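Asker: Sharing a structure, written as structure tokens. Questions coming.
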Amino acid sequence: KPFETILPGRDDAMLDAVEVFEDFLVYGERIQGQRQLRVVPNDGSAPYVIDFGESVYTAFSGQNPEFKTNNIRVVYSSMKTPKTVIDFNMRTREKTIRKMDEVQGGFDTTNYTTKRLWATGRDGTKIPISLMSRGEPTTDGSTPLYLYGYGSYGYAMDPWFMPSWISLVDRGITVAIAHVRGGEEMGRS
């Protein structure tokens, strides 16, 4: 039997993981710097991206040893959501939280806001920036900013939960991650 293309290459996405199940194919991809999980049902119904309810996050496939299952185990986090292990039913799209890292001190994720912004490099290239603040983030320079960035050797700086940043944000500092080139958030080019 000749080879058949299942996932054609796309200029707008970088494929970085594939998970195969009896009735589903799930792949991790990066689109505009955002890592996401796309579910492709084998029955011909439309593919979809797993919705986590936040615009700035990271999610990847966890340990999935079962081939004949409707569930995929996913590890999820955002700048305001601690590492969370979720069982996602690919047929019903229901999420079941199995474990969330505990944060001491009365932490409440609803007190924080995350946002994706874009900066323009000197050469016109768009660079994604992930922000977290208490309440709506300001971008007019009126609040202090802690800016973090790393981009080298293809190592992406995904927007992940850092407990130490909560202390900064609680004191009125906006925390930002600049997803600079070299980290491959925007693809290999």
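Asker: If you look for lysine pairs in the chain that are eight or more places apart or on different chains, how many of them have Cα atoms under 20 Å apart? Let's see the in-between values first.
Answerer: Values: Lys68/Lys95; Lys80/Lys95; Lys80/Lys99; Lys80/Lys115; Lys83/Lys95; Lys83/Lys99; Lys83/Lys115; Lys115/Lys126.
Count of close lysine pairs: 8.
Asker: Then there's this: May I ask for the equivalent-ellipsoid semi-axes of the stretch 1-88, computed as the square root of five times each C-alpha gyration tensor eigenvalue and listed largest first in whole Å?
Answerer: Details: eigenvalues 105, 58, 22 Å².
Result for the stretch 1-88: semi-axes of 23, 17, 10 Å.
Asker: Report the local net charge at Val85: Lys and Arg +1, Asp and Glu -1, summed over other residues whose C-beta lies under 10 Å from its C-beta.
Answerer: On the way: positive: Arg73, Lys83, Arg98, Lys99; negative: Asp87, Asp101.
Overall, the nearby charge balance is +2.
Asker: Where does the chain land on the Kirkwood hydrodynamic radius, alpha-carbon pairs, in angstrom? Don't skip to the end; give the middle numbers.
Answerer: Numbers: mean 1/r = 0.0554 Å⁻¹.
Here the Kirkwood hydrodynamic radius works out to 18.0 Å.
Asker: Could you compute the FRET efficiency for Arg98 and Asp123, with r as their C-beta to C-beta distance and R0 at 35 Å, rounded to 0.05?
Answerer: Numbers: r = 44 Å, r/R0 = 1.27.
The calculated FRET efficiency here is 0.20.
Asker: What ranking of Val56, Val18, Val49 comes out by heavy-atom accessible area, probe 1.4 Å, highest first?
Answerer: Numbers: Val56 0, Val18 80, Val49 50 Å².
The most accessible residue leads, giving Val18, Val49, Val56.
Asker: Residue separation times 0.36 nm, minus the C-alpha to C-alpha distance between Asn70 and Val85: what's the value?
Answerer: Details: separation 15, 0.36 × 15 = 5.40 nm, distance 1.63 nm.
Value of the extension gain: 3.8 nm.
Asker: Considering the dipole of the stretch 82-189 built from charges on the beta carbon (Lys and Arg +1, Asp and Glu -1) around the Cα centre, which of Ile86, Ile177, Pro144 is farthest to its positive end?
Answerer: With unit charges placed on the Cβ atoms, the residue in question is Ile86.
Asker: On to the next question. Leaving out ligands, DNA and RNA, what percent of the accessible area of the stretch 1-105 is carbon and sulfur, probe 1.4 Å?
Answerer: Working: 3000 of 6260 Å².
Reported share for carbon and sulfur atoms: 48 percent.
Asker: Rounded to the nearest 0.05, what FRET efficiency is calculated for Ser152 and Asp108 with R0 set to 45 Å and r the Cβ-Cβ distance? Could you put the intermediate results ahead of the total?
Answerer: Working: r = 35 Å, r/R0 = 0.78.
Efficiency computed from Cβ-Cβ geometry: 0.80.
Asker: Additional query: Going through the stretch 101-189, which chymotrypsin sites (Phe, Trp or Tyr not before Pro) have at most 12 other Cβ atoms within 10 Å and a DSSP loop state?
Answerer: On the way: sites: Phe107, Tyr112, Trp118, Tyr146, Tyr148, Tyr150, Tyr153, Tyr155, Trp160, Phe161, Trp165; in loops: Phe107, Tyr150, Tyr153, Trp160, Phe161.
Sites meeting the loop and neighbour criteria: Tyr153.
Asker: Can you give me the accessible area per residue for the chain, using a 1.4 Å probe, in Å²?
Answerer: Working: 11170 Å² over 189 residues.
With all protein chains present, the chain gives 59 Å² per residue.
Asker: Another one. For every helix of n ≥ 4 consecutive DSSP H residues, a contribution of -39,500 (n - 2.57) applies; sum these over the chain, divide by its total residues, and give [θ] at 222 nm rounded to the nearest 500 deg cm²/dmol. Mind dumping the intermediate values first?
Answerer: Working: 1 runs with 8 residues, N = 189.
One gets -1000 deg cm²/dmol as the mean residue ellipticity at 222 nm.
Asker: Also, I was wondering about something else. Leaving ligands, DNA and RNA out of it, rank Lys115, Lys95 by accessible area with a 1.4 Å probe, largest first. Write down the numbers at each step before the final one.
Answerer: Working: Lys115 65, Lys95 95 Å².
Largest accessible area first, the residues go Lys95, Lys115.
Asker: Among the GluC sites (Glu not before Pro) within the stretch 102-189, which fall in a DSSP loop and have no more than 16 other Cβ atoms within 10 Å of their own Cβ?
Answerer: On the way: sites: Glu102, Glu184, Glu185; in loops: Glu102, Glu184, Glu185.
Listed in order of number, the matching sites are Glu102.
The values are calculated or read from the model by the stated rules, or taken from the named source; none is laboratory data. All of these numbers come straight from a predicted model, not from anything done at the bench. All Cβ positions, glycine included, derive from the backbone under ideal geometry; neighbour counts span all protein chains shown. All accessible areas refer to the heavy atoms of the entire protein, side chains included, with ligands and DNA or RNA removed. Shrake-Rupley method; radii C 1.70, N 1.55, O 1.52, S 1.80 Å.
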